[in-house]
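For reference, the structure is listed below as structure tokens.
A short reminder: the numbers here are calculations on the coordinates, not readings from a lab. The shown structure was predicted, so the numbers you read here are calculated from the model rather than taken from an experiment. Neighbour counts run over all protein chains shown; Cβ positions are idealised from the backbone, glycine included.
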Amino acid sequence: MTLSRKRSDELFLRATKVVPGGIYGHLAPAGGLPKVFPHYAESAEGCRFRDVDGNDWLDFMCGYGAILLGHRDPEVEEAAERQRREGSVLNQPTARMVELAEAMVERIDFAEWAVFAKNGSDVTTWATRVAREHTGRRFVLKAKGAYHGVDAWCDPGFGGRIPEDRKFVGEFKWNDLDGLRSLAKEHEDDVAAIVLTPYHHAAFGPSEMPADGFWAGVEELCREKGIILVLDDVRAGSRLDDGGSHRLFGFTPDVACYSKALGNGYAISACVGREDLRRGARDVFLTGSCWNDAVAMTAAMKCLDLARERNVVAKLDTLGVRLSKGLRDAGAKHGFSFSLTGPPAMPFPWFDGDENLYLLQQFCELCALEGVFFHPHHNWFLCGAHEEATIDQAVEAASVAFSKLTAEKA
Ligand SMILES: Cc1ncc(COP(=O)(O)O)c(C=O)c1O
């Protein structure tokens, strides 16, 4: 298809005058494919969205994971609308907050309490402070390249930091248990928390699953040294297991953070934890202007129920396997060693040997011209509105892209 981009470009030019950088963060044009990705979206439904120039896209980013069931899921929207009529941000929390906390404690096996905020960063940072409060220690250990949010202890940018922001943060290589053990030893008796995602889903590289024994080793170290194990399940939560991603990998964190898929597009995040962290959770101050938003809490509760009812986790896994096989076979047919890494429900694409992502960018650009929104730098997300037919449509588009890539190579 020919992509029209007149309005997108016009809006971006206007934005550069009133918004620093035009679009900031990972959505800045340079973070994607500036020649083909639209800068602004107009509307979305199910697994498709329309950009401001009227181009329709088959969506494999799903609001960077915030959409679990599908854009504008009718049942979530109806529940949210009912609550909207009652009010969203009142002076007091509503009963929705208690009900949502109960629902999360019921679903997440180790959780005895839950708190809510708006973004993943709100709760990952708060969780490190709860760990510090609980242990009376200073250091937080994390995996290199792992994203935990926009705060100064962990953000991937360059600006606005002072060296002290990271004075008590240590990094080790994902899956390197010996490296983690020696880092913990270096700061003996001063490590408050180890913060980890359930598997390593760094941007700009293939996803890495936990090696055999990795999680058992992390857990053992935490128990032995009294370190709080914080699971950052902000990106993967609800997509891999509806009781939390730790269940898929067979370990038990002390605290876990969720956001993205929790509210099917409504802004909400949560942190849950074990009983003995309740005092720390009570003592570390937590609030925000709209954090008691009853509409988002209603949407989250409905989303949790529907995901279970519709067996979304199993569906996304099955569809992800179909996508993975379809793309691998289509690539092989055209002479490419292409695969999807990470869990099928949220895979990161990879061409063997394409360390600088050059082929991947060309491939995603060609898929964009076929109307499929595949990102070259970030893991993709499937949602409950994808069906076998939409997966097959994406594979067909990818076949066209692979054949054009072959022609370019020749
Ligand atoms: C693993 C992980 N942790 C934390 C965050 C931060 O969440 P938010 O962008 O909602 O602040 C993200 C966001 O992408 C994430 O993927």
query = Among the helices (runs of 4 or more DSSP H) contained in the stretch 284-375, which hold 1 or more residues that are under 30 Å from residue 115 (Cα atoms) and without any contact (Cβ under 8 Å) to a residue 24 or more places away in the chain?
reply = 294-309, 312-333
query = Can you tell me how many residues in the stretch 248-276 are surrounded by fewer than 22 Cβ atoms within 10 Å (Cβ to Cβ), away from the ligand (no atom under 11 Å from the Cβ) and in contact (Cβ under 8 Å) with a residue 40 or more places away in the chain?
reply = 7
ask   = Which of (1) out of contact with any Gly (no Cβ under 7 Å at 6 or more places or on another chain); (2) touching a residue at least 40 places away in the same chain (Cβ under 8 Å); (3) charged (D, E, K, R) does residue 109 not meet, given it meets every other one?
value = (1)
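Does residue 50 satisfy being touching an Asp or Glu at 6+ places or on another chain (Cβ under 8 Å), farther than 24 Å from residue 301 by Cα and surrounded by fewer than 18 Cβ atoms within 10 Å (Cβ to Cβ)? Please lay out each step first, then the result.
Numbers: touching an Asp or Glu at 6+ places or on another chain (Cβ under 8 Å): yes; farther than 24 Å from residue 301 by Cα: yes; surrounded by fewer than 18 Cβ atoms within 10 Å (Cβ to Cβ): yes.
Yes.
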task = Out of 304, 340, 357, report the one residue that is surrounded by 16 or more Cβ atoms within 10 Å (Cβ to Cβ), within 20 Å of the chain's Cα centre (by Cα) and over 30 Å from residue 98 (Cβ atoms).
result = 340
ask   = Is it the case that some residue within the stretch 109-120 is within 16 Å of the ligand (Cβ to nearest atom), in a helix (DSSP H, G or I) and farther than 16 Å from residue 375 by Cβ?
value = yes
task = Quick one: count up the residues across the stretch 144-174 that are more than 11 Å from the ligand (Cβ to nearest atom), out of contact with any helix residue (DSSP H, G or I) (no Cβ under 7 Å at 6 or more places or on another chain) and either part of a loop (DSSP other than H, G, I, E, B) or under 26 Å from residue 342 (Cα atoms) (or both).
result = 12
query = Looking only at the stretch 175-188, which residues are assigned to a loop (DSSP other than H, G, I, E, B) and closer than 13 Å to residue 213 by Cα?
reply = 175, 176
remark   = Given (1) among the acidic types (Asp, Glu); (2) within 16 Å of the ligand (Cβ to nearest atom); (3) touching a helix residue (DSSP H, G or I) at 6+ places or on another chain (Cβ under 7 Å), residue 133 misses just (2)
query = Does the stretch 207-240 hold any residues that are assigned to a loop (DSSP other than H, G, I, E, B), more than 16 Å from the ligand (Cβ to nearest atom) and either buried (at least 18 other Cβ atoms within 10 Å of the Cβ) or not charged (D, E, K, R) (or both), and which are they?
reply = 211, 213, 226, 227
key: Residue selected from the stretch 192-206 under the condition in contact (Cβ under 8 Å) with a residue 60 or more places away in the chain and surrounded by fewer than 21 Cβ atoms within 10 Å (Cβ to Cβ), by the criterion farthest from the ligand (Cβ to nearest atom)   = 206
One residue from 102, 86 being over 21 Å from residue 233 (Cα atoms) and either free of Cβ contacts under 8 Å to residues at least 60 places away in the same chain or not hydroxyl-bearing (Ser, Thr, Tyr) (or both) = 86
